[in-house]
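This report concerns only the one structure given below.
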Amino acid sequence: MKILIVGTGYVGTTTGLIFCEMGHQVTGLDLDETKIKALEAGKLHFYEPGLEDLLIKHIAAKNISFTKKTKKAVKENDVIFICVGTPQGTDGSADLTFVKNVAESIGKNMDNYKVIVTKSTVPVGTAELVTKWISESQKDKIPFDVVSNPEFLREGSAVLDALNPDRIVIGTTSEKARGIMRDLYKDFHCPIVETNPRASEMIKYAANSFLALKISYINELARLCNRLQINVNDVSKAIGLDHRIGPHFLNAGLGYGGSCFPKDVSALIQIARQIGRPMSILESAAKVNKEQTDYFIEKIKQALGGNLQSKTIAVLGVAFKANTDDTREAPSLVIIKQLLEEKVNLRVHDPIVKLASGQFPTVAETVTGADAVVLCTDWDDYKTLDWASLKPLMNQSYIFDGRNMIDKSLVESLGFNYLGVANH
Ligand code: UGA
């Protein structure tokens, strides 16, 4: 099948390349010329393990090409995936400006039947809006169908997730479009949930919000465990062994970040408020998430004698989680901002994220002279640091582990003062 992917970010680029793996012919469309130039040269404009290899492979095999030319791209392809961003608007709801622009350009340029698929995370009712926007932009009434087909891949493991999804959701009222979508996904070995577009759109918000709830639940429980001197990791492990609860997304930390959970929880909160049926459980989850960095800063302050002014603090990890260079809504940024407000002498390290200085200092350089290390991102590199050789470089030996990821007894045996998130 000839597939057009509109928007070449994480979701669009990964989706396109996975379809290449499945034997389809793909065109990636983006209005940003620098992104197109980079992709054509086999270079990703973001960091995602394994994805660049697929890009190089499918460029060489001529399975994928990239363009800026909307008109030609729309005419030449049968199935069009909308993978553009749906950023958070000022009131917390999803901003559909990019989706609308794409829908209108499809309407203007199509000259035969198309299936238009929304992969971007969009509010309930967007498929109906996309249908309206396309119809209103058409010169002649050419038939088309709109399908909601949300994406569930995670940054940092996008290729594996997209190749091995837990389920595929196809939301459409058109038998013809459903048949085309089934065909498109015929080589995937997972359950396919067929439903209408509104339910499909809700499924995506419901899934992300549920995972965010799980994280806020364990984070709030961690604060309670902290007071009660209980190790929250033991609690997570034991409750996660109950198959009805499951072990995933129960790691206490600094709160969820990234381009999805904070935005999608806000959007669902907004949807619920707008129809007069507020979801208090989600509002609480968002509040708990926001408070989690305050809780951690407080912990740091208390341990260091209440005043952080002029203390040298080394923050390890800026990315919102491991294996990505994405810093959107990263808890580290909140921690950094608060530390700067406390007038600390700040040092920052990340293995991948490019710092404002343009430099990539080593961990040893970053911790030299530091009173404390604050671990913000769960990079594997940090799990295996040689703390024995770092300790003599530091001024004082505090470790604040915002991810409960290093061996507490090991660093304590080396003489460090270690504090995690209720990691007693
Ligand atoms: C999330 C979902 O997991 C994907 O299924 C979804 O497709 C994607 O959003 C999206 O909507 O596009 P992502 O934001 O890439 O994926 O990252 P996650 O691995 O889900 O992590 C989200 C945040 O939760 C991170 O800040 C992570 O550190 C935090 N987290 C995760 C915890 O604090 N504790 C955990 O136990 C798990």
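The values are calculated or read from the model by the stated rules, or taken from the named source; none is laboratory data. This is a predicted model, so every value here is computed, not measured. Glycine also receives a Cβ, built like all others from the backbone with ideal geometry; neighbour counts cover every protein chain displayed.
Things to note:
- Hits in the range 69-113 - residues which are of a type in the set (Ser, Thr, Tyr) and out of contact with any strand residue (DSSP E or B) (no Cβ under 8 Å at 6 or more places or on another chain): Thr90, Ser93, Thr97, Ser105
- Qualifying residue in the range 217-238 (condition: without any contact (Cβ under 8 Å) to a residue 60 or more places away in the chain, within 14 Å of the ligand (Cβ to nearest atom), in contact with a Phe, Trp or Tyr (Cβ under 9 Å, 6 or more places away or on another chain) and assigned by TED's automatic domain parsing to the domain that holds Phe320): yes
- Remark: pairs (first residue in the range 302-327, at positive phi and at pLDDT 95 or above; second residue within 12 Å of the ligand (Cβ to nearest atom) and of a type in the set (S, T, N, Q); Cβ separation under 6 Å; 6+ apart in sequence or on different chains) = Gly317/Ser332; Gly317/Thr377.
- Extreme residue, nearest to Ala177 (Cα to Cα), among residues of the range 1-54 that are acidic (Asp, Glu) and in a helix (DSSP H, G or I): Glu21
Conditions tested, residue by residue: (1) surrounded by 22 or more Cβ atoms within 10 Å (Cβ to Cβ); (2) not in a strand (DSSP E or B).
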{"site": "Lys75", "(1), (2)": "no, yes"}
{"site": "Phe98", "(1), (2)": "no, yes"}
{"site": "Val102", "(1), (2)": "yes, yes"}
{"site": "Lys108", "(1), (2)": "no, yes"}
{"site": "Asp111", "(1), (2)": "no, yes"}
{"site": "Val115", "(1), (2)": "yes, no"}
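- Test: residue in the range 254-267 that is without any contact (Cβ under 8 Å) to a residue 40 or more places away in the chain and part of a helix (DSSP H, G or I): no
- Residue tally, condition within 16 Å of the ligand (Cβ to nearest atom) and part of a loop (DSSP other than H, G, I, E, B), over the range 355-391: 4
- Leu250 being in contact with a Pro (Cβ under 6 Å, 6 or more places away or on another chain) and either modelled with pLDDT under 95 or part of a loop (DSSP other than H, G, I, E, B) (or both): no
- Positions within the range 281-290 being out of contact with any Phe, Trp or Tyr (no Cβ under 7 Å at 6 or more places or on another chain) and either aromatic (Phe, Trp, Tyr) or in contact (Cβ under 8 Å) with a residue 12 or more places away in the chain (or both), in sequence order: Ile281, Leu282, Glu283, Ser284, Ala285, Ala286, Val288, Lys290
- Scope the range 160-188; condition away from the ligand (no atom under 12 Å from the Cβ), within 25 Å of Val102 (Cα to Cα) and assigned to a helix (DSSP H, G or I); matching residues: Glu175, Lys176, Ala177, Arg178, Gly179, Ile180, Met181, Arg182, Asp183, Leu184
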